[in-house]
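**Q** Below you'll find the structure I mean.
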Amino acid sequence: MSRHRLTVVLSQAQGKHPGKRALEESIVAALLMEPGLEVSVIPHLYDLGPDHTGRLFLGSVRGDMVFLSWLFPRAAFWVMDRDGIKGHWGESQLKPPVDDDDEVAGEPQPAKGIGTLDVPDRHIYCLDLRDFNQHDPYVGEIRRIADECRQRHEAKEVSRPATPPAMVQLGLNLGNGNGARTPVADAPGSPSFSPEQLLQAPGRRWYPVIDYSRCTNCMECIDFCLFGVYGVDGVERILVENQDNCKKGCPACSRVCPEQAIMFPDYKTPAIAGAPIGAIGNLKIDLTKLFGGAEKDALSQAVEERDRELVADGRHAVGASVGLPKRQDHQAAKPKDDLDNLIDALDALEL
Ligand code: SF4
Ligand code: SF4
């Protein structure tokens, strides 16, 4: 029998919304009854700075992990990846009820991005706490994931040559007033944290998050941002280098990225906050713009937002004169997509 244990981390909502807290507490209470799980609670993931105990704890988890948060799963996964908390994408079977009016629908498009580097041999499953308002669906899905991970782990054990037993057995300690367990290291030498340390309230943060499964490393974002947020790593891959240089509330560069790879997880519009991207969804979003008439073209809007921040910083507005030429060339050369074809068809109908 495998002793594989699954780490479950619940990331709380910002603020103290009673309905959200009640759901969080009922999930944790139900999970504590489940065998084979290590359950911990941390504050809102997106707000955790590099020294926050919750971030350090996440970094200390070595095995498979289920991560529940009030963020889109894509956003949560790539926030962690940026912070070095990496793993393979764990596919959840928990799907929110389908609403005909949903802005985003359809199957995810095949990834064509540059991907991430140095991914350890484990899976991270991200679940969205906004999908259901009761704990049962989450608990059921976590049971299923635990089985899936156990089977994967056992299959690896069978194929792996025998190794001497580990010298140190580690796990989590039960017990604290919050219903969560106190994490203890799951690898020799790892730190341990008290629930009080884990739940220390962080200040709010605002920065872009790159989805490397979509990012093609075109560098349009680094050309566009005039606040030094982006940089490149040692192998010339785009990177959100100075997260806290970003201007609070402004999502300008997410509108400029040709691959919809830049997310602002706390932004109000799902497409920018990291909602799943599907062909139908994209079309619907663009159709809203097409017929609504109120929304500006995305690039003009981005330029306007950037100018506003430049002026607020005591600098001069630059309009579209800086950071956009590559995109314009690219657009001219690009084959027509579904939306172009739709517009052509509408033109033909003289609507
Ligand atoms: S603009 Fe988008 S696709 Fe291009 S490098 Fe930046 S994040 Fe990647
Ligand atoms: S939102 Fe503005 S300041 Fe922030 S990274 Fe994008 S362009 Fe730079």
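The values are calculated or read from the model by the stated rules, or taken from the named source; none is laboratory data. Since the structure is predicted, the reported quantities are computational estimates derived from the model, not experimental observations. Neighbour counts are summed over all protein chains in view; Cβ atoms, including those assigned to glycine, are modelled from backbone coordinates with ideal geometry.
**Q** For residues that are at pLDDT 80 or above, β-branched (Val, Ile, Thr) and surrounded by fewer than 21 Cβ atoms within 10 Å (Cβ to Cβ), tally how many sit in region 181-227.
**A** Number of matching residues: 2.
**Q** Which residues, taken from region 201-241, are within 16 Å of Leu324 (Cα to Cα) and either within 11 Å of ligand 1 (Cβ to nearest atom) or charged (D, E, K, R) (or both)?
**A** Within region 201-241, Asn217, Cys218, Met219, Glu220, Cys221, Ile222, Asp223, Phe224, Cys225, Tyr230 meet the criteria.
**Q** So in region 291-322, with the set limited to residues that are surrounded by fewer than 15 Cβ atoms within 10 Å (Cβ to Cβ) and of a type in the set (A, V, I, L, M), which one is modelled with the lowest pLDDT?
**A** Here the residue is Ala294.
**Q** While we're looking at this one, here's another question. Which number in (1) surrounded by 20 or more Cβ atoms within 10 Å (Cβ to Cβ); (2) closer than 14 Å to Ile114 by Cβ marks the one condition that Val232 misses?
**A** Evaluating Val232 over (1) surrounded by 20 or more Cβ atoms within 10 Å (Cβ to Cβ); (2) closer than 14 Å to Ile114 by Cβ leaves (1) as the failure.
**Q** A follow-up question, please. Among the listed residues Gly19, Gly36, Gly49, Gly15, identify the single one that is exposed (fewer than 14 other Cβ atoms within 10 Å of the Cβ) and on the phi > 0 side of the Ramachandran plot. Walk me through how you get there before you give the answer.
**A** Working: Gly19 fails: on the phi > 0 side of the Ramachandran plot; Gly36 fails: exposed (fewer than 14 other Cβ atoms within 10 Å of the Cβ); Gly49 fails: on the phi > 0 side of the Ramachandran plot.
That would be Gly15, the only listed residue that is exposed (fewer than 14 other Cβ atoms within 10 Å of the Cβ) and on the phi > 0 side of the Ramachandran plot.
**Q** Also: If we only count strands (runs of 3 or more DSSP E) wholly inside region 1-96, which ones have 2 or more residues that are of a type in the set (S, T, N, Q)?
**A** 6-11
**Q** Restricting attention to region 242-276, which residues are polar (S, T, N, Q), away from ligand 1 (no atom under 12 Å from the Cβ) and assigned to a loop (DSSP other than H, G, I, E, B)?
**A** Restricting attention to region 242-276, the residues satisfying the condition of being polar (S, T, N, Q) are 242-243, 245, 254, 260, 269.
Pick out the ones that are also away from ligand 1 (no atom under 12 Å from the Cβ) and you get 242-243, 245, 269.
Hits for region 242-276 are Asn242, Thr269.
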